[in-house]
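Shown next, in structure tokens, is the structure this report addresses.
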Amino acid sequence: MLDRSLLTGTATTAEAERERLLTLENAYCSHGDTVHYTEFPKIFERCEGSFMYDDEDRPFLDLQMWYSAVNFGYGNQRLNDAMRRQLERLPQVASQYLHREKIELAAEIAIGAQERFGRKGRVHFNVGGAQAIEDSLKIVRNACGGKSLMFAFEGGYHGRTLGASAITSSYRYRRRYGHFGERAQFVEFPYHFRGPRGMSKEEYGLHCVRKFERLFESEYNGVWDPKVGQSEYAAFYVEPIQGTGGYVIPPANFFPELKRVLDKHGILLVVDEIQMGFFRTGKLWSIEHFGVEPDVLVFGKALTNGLNPLSGVWAREELINPQIFPAGSTHSTFNANPLGTAVALEAMRMMQEEDFGASVMEKGAHFLEGIKELKKKHAIVGDVDGLGLALRIEICEPHDSYTPSKKLVDLMADEAMKGDLVYGGERYGLVLDIGGYHKNVITLAPALTISHAEIDMALALLDQLFTRVTPR
């Protein structure tokens with residue numbers, strides 16, 4: 001049994017302090033989160049801009065920014081100041097009462113959505129992405145007469161609460177929790193690199209839509225009653241750019257064709273922008289790249305730059321007006337909390353004042369060109385792609401540059417955490433995130449404020465890392 005002396009923090013060296021903390025963590029912290037995906041968890045002490053710093057003050061260039069939650073850089077002074085001002089004025093208020101920041105933020109998001117999508121709507125807040133997905137399921141089921149079946153994509157990820165797990169394609173998130181009777185029907189996403197050979201990206205996109213559309217040709221395909229023109233399914237949950245699935249980017253023709261099928265059969269389109277929203281792809285919402293209007297849109301993460309958690313749902317008026325979705329339909333103690341809404345409102349002002357659309361596309365093009373050059377140089381790089389500053393590097397076995405190699409990616413993540421990559425005579429680490437259907441994709445989500453010099457540093461450090469892990 002560990003004794004209480006370990007709580008005093010009297011270690012005399014950084015190494016001893018690290019050992020003290022890891023001993024306590026191993027004994028008293030749940031391992032049910034994602035920390036222990038790696039054998040040797042890293043402890044960070046501070047952060048600034050695009051960098052995290054360990055207990056030896058060694059810089060780690062962060063290329064995933066808290067899963068795209070810190071779009072505006074660590075320690076952003078303007079957003080931190082907004083939180084301090086709110087902390088001094090109205091830091092707490094029960095969610096059954098109103099405050100200025102909630103009202104103005106909801107109006108800002110809703111008016112922006114009306115300008116973009118041509119539809120009036122309303123906003124409902126919560127504290128995390130999965131919780132907002134749960135709220136969206138309530139909105140959809142309520143508006144569709146209690147229908148509980150949904151479509152979602154293979155490779156899609158919407159969270160790990162029970163309802164969100166049911167529409168997330170990975171069985172491993174459901175396996176230990178019993179049968180999910182209302183599990184979504186998962187539909188093929190146009191993942192072109194691993195799609196049928198001989199098809200262009202656009203042809204494959206149409207192929208996937210045609211396969212989906214076939215479900216409605218006959219009542220015997222199990223989703224459609226042609227006699228009354230009604231589907232058993234209420235909505236289709238989509239990520240325009242797949243996140244945990246490995247930043248898979250569909251062809252431009254895919255979503256317009258999919259929306260045509262959904263509208264024809266009275267199925268709602270719910271767009272999950274939790275990871276790709278707020279200019280990650282060069283537009284406020286990534287669905288804007290594809291020219292379709294959502295019925296419901298879910299957001300979170302970068303809205304507060306990783307400060308006080310805040311998420312939410314925008315839905316068109318017909319689905320969320322007070323007559324159809326009245327008071328008490330859903331609730332969370334900390335939804336619309338004033339610290340989160342104050343920071344979010346300031347973040348929205350920043351996004352209006354600065355041309356992130358242009359800068360993100362320009363920086364993303366520079367980064368993508370660099371990883372394309374790395375692909376030419378390293379046989380372990382099978383595929384690269386990107387939209388704005390959402391970029392993917394798919395790591396494969398070097399003998400064919402196609403066979404997925406989770407082993408190499410895991411090795412890369414561990415090597416990046418050693419902090420011994422060299423650039424400009426200094427030692428650095430890299431913070432990477434891993435995704436993809438085969439867990440062999442490095443998903444890059446750097447800060448939108450990353451400099452060109454930092455992008456060049458990232459490319460040089462990735463080059464070293466690829467060389468280090470390539471089998472000799």
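Among the residues of region 375-406, those identified as buried (at least 19 other Cβ atoms within 10 Å of the Cβ) and among the hydrophobic types (A, V, I, L, M, F, W, C) are ILE380, VAL381, VAL384, LEU387, LEU389, ALA390, LEU391, ILE393, ILE395, CYS396. Of all the residues in region 273-291, those that are open to solvent by 10 Å² or more (accessible area, probe 1.4 Å) and either closer than 27 Å to GLN230 by Cβ or not small (Gly, Ala, Ser) (or both) number 8. With respect to the stated conditions, GLY205 is open to solvent by less than 40 Å² (accessible area, probe 1.4 Å), within 30 Å of SER68 (Cα to Cα), outside any loop (DSSP other than H, G, I, E, B) and touching a residue at least 12 places away in the same chain (Cβ under 8 Å). Residues in region 91-139 that are in a strand (DSSP E or B), open to solvent by less than 20 Å² (accessible area, probe 1.4 Å) and either within 20 Å of SER286 (Cβ to Cβ) or of a type in the set (Ser, Thr, Tyr) (or both): GLY121 alone.
To keep it simple, each residue is scored yes or no on (1) over 25 Å from SER169 (Cα atoms); (2) touching a Phe, Trp or Tyr at 6+ places or on another chain (Cβ under 8 Å).
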| position | (1), (2) |
| --- | --- |
| ALA234 | no, no |
| GLU239 | no, yes |
| HIS265 | no, yes |
| LEU268 | no, yes |
| LYS301 | no, yes |
| ASN308 | yes, no |
| GLY312 | no, yes |
| GLU318 | yes, no |
| GLN323 | yes, no |
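Filter region 421-469 for residues that are hydroxyl-bearing (Ser, Thr, Tyr) and closer than 21 Å to GLY382 by Cα; which is least open to solvent (accessible area, probe 1.4 Å)? The selected residue is THR443.
Listed here are the residues, each with its yes/no results for (1) assigned to a helix (DSSP H, G or I); (2) in contact (Cβ under 8 Å) with a residue 40 or more places away in the chain; (3) surrounded by fewer than 18 Cβ atoms within 10 Å (Cβ to Cβ).
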position	(1), (2), (3)
ASN308	no, yes, no
GLY312	no, yes, no
GLU318	yes, yes, yes
VAL360	yes, yes, no
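Only residues that are free of Cβ contacts under 8 Å to residues at least 24 places away in the same chain and of a type outside the set (Lys, Arg) were counted across region 171-199, and they come to 11.
Comparison of GLY370, GLY386 shows that the only residue that is in contact (Cβ under 8 Å) with a residue 24 or more places away in the chain, small (Gly, Ala, Ser) and in a strand (DSSP E or B) is GLY386. Looking at the structure I just gave you, is LEU22 over 28 Å from the mean Cα position of the chain (by Cα) and part of a helix (DSSP H, G or I)? Against the criterion (over 28 Å from the mean Cα position of the chain (by Cα) and part of a helix (DSSP H, G or I)), LEU22 qualifies. Within region 219-242, work out how many residues are part of a loop (DSSP other than H, G, I, E, B), under 30 Å from GLN275 (Cβ atoms) and open to solvent by less than 70 Å² (accessible area, probe 1.4 Å). Going through region 219-242 one residue at a time, the tally reaches 5. Within 20 Å of the chain's Cα centre (by Cα), farther than 28 Å from LYS138 by Cβ and surrounded by fewer than 23 Cβ atoms within 10 Å (Cβ to Cβ) - does that describe any residue in region 342-353? For region 342-353, residues within 20 Å of the chain's Cα centre (by Cα), farther than 28 Å from LYS138 by Cβ and surrounded by fewer than 23 Cβ atoms within 10 Å (Cβ to Cβ): present. Among the residues examined, GLN86 qualifies as farther than 28 Å from ALA16 by Cβ, touching a helix residue (DSSP H, G or I) at 6+ places or on another chain (Cβ under 8 Å) and modelled with pLDDT of 95 or more.
The values are calculated or read from the model by the stated rules, or taken from the named source; none is laboratory data. Computed from a prediction, not measured in an experiment: that's the story for all the values here. Glycine gets a Cβ as well: all are built from the backbone with ideal geometry, and neighbour counts include every protein chain shown. We work out accessible area using only protein heavy atoms, side chains counted, and drop any ligands, DNA or RNA first. Shrake-Rupley method; radii C 1.70, N 1.55, O 1.52, S 1.80 Å.
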